[in-house]
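What follows is a single structure, written as structure tokens, with notes after it.
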Amino acid sequence: MIRKIFFAVLFISFLFSAQVKAHTPIEDSNPRDGEVITEELHEVSLMFGTKIEQTSKFDVFKTTGEKIEQANFTLQDNVMKASFFEPLENGSYQVKWSIIGEDGHPIEGIIAFTVDQAITELQSEEVDESKQQVNENIVTTTNEPNDNNQVNTPSYLLPSIIGLLALIAIVSTFVLLRRKK
């Protein structure tokens with residue numbers, strides 16, 4: 001009898017394990033993590049593995065901590081896009097994103113990239129002036145490590161735990177019923 005119950009619980013746990021989804025993964029981004037962009041960048045986009053909730057968002061920061069103002073932000077199905085008032089200047093940037101996937105779990109992550117465009121003479125003069133202004137206002141900053149906070153938990157873990165707990169409950173019930181007789 002206990003064998004039948006064991007196999008029934010085992011069968012049910014495998015039956016439901018296919019329906020459990022892992023956390024929504026990020027599938028692609030433009031620019032990609034670690035990419036060096038050598039042309040003007042007007043837009044950042046992130047693509048995820050499934051549809052994401054409307055409360056999902058991302059912000060773009062310079063490594064100095066300055067937040068880049070977004071001109072337009074759109075979220076459609078599994079894609080988030082933001083455009084900027086002006087192309088991003090040369091430098092290092094981080095996209096800090098947070099979403100709620102179709103599975104209901106909140107997930108956060110960071111994508112880092114660098115803009116490194118060739119500078120013309122006119123731009124060079126403007127850059128020199130802006131560097132002088134920045135040098136007057138320099139504050140020591142520390143760079144955050146490029147951590148991706150997304151935790152990848154195997155999709156079979158939760159059904160296995162539930163199946164094990166169900167098996168323990170059923171076996172305990174039968175043991176207690178046999179002791180009473």
Inside the range 50-77, can you point out the residues that are without any contact (Cβ under 8 Å) to a residue 40 or more places away in the chain and in contact with a Lys or Arg (Cβ under 9 Å, 6 or more places away or on another chain)? Asp59, Val60, Phe61, Ile68, Asn72, Phe73, Thr74, Leu75, Asp77
Within the range 54-82, the count of residues that are within 15 Å of the chain's Cα centre (by Cα) and among the small types (Gly, Ala, Ser) comes to 1
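Mind telling me which of the residues Leu75, Leu122 ends up being modelled with pLDDT under 90 and hydrophobic (A, V, I, L, M, F, W, C)?
On the way: Leu75 fails: modelled with pLDDT under 90.
Every option except Leu122 fails the conditions.
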Looking at the range 33-49 only, could you name the residues that are touching a residue at least 60 places away in the same chain (Cβ under 8 Å), within 23 Å of Pro106 (Cβ to Cβ) and in a loop (DSSP other than H, G, I, E, B)? Asp33
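The values are calculated or read from the model by the stated rules, or taken from the named source; none is laboratory data. Quick caveat, the model's predicted, so the values are computed rather than measured. Note that we place each Cβ from the backbone using ideal geometry, even for glycine, and neighbour counts take in every protein chain shown.
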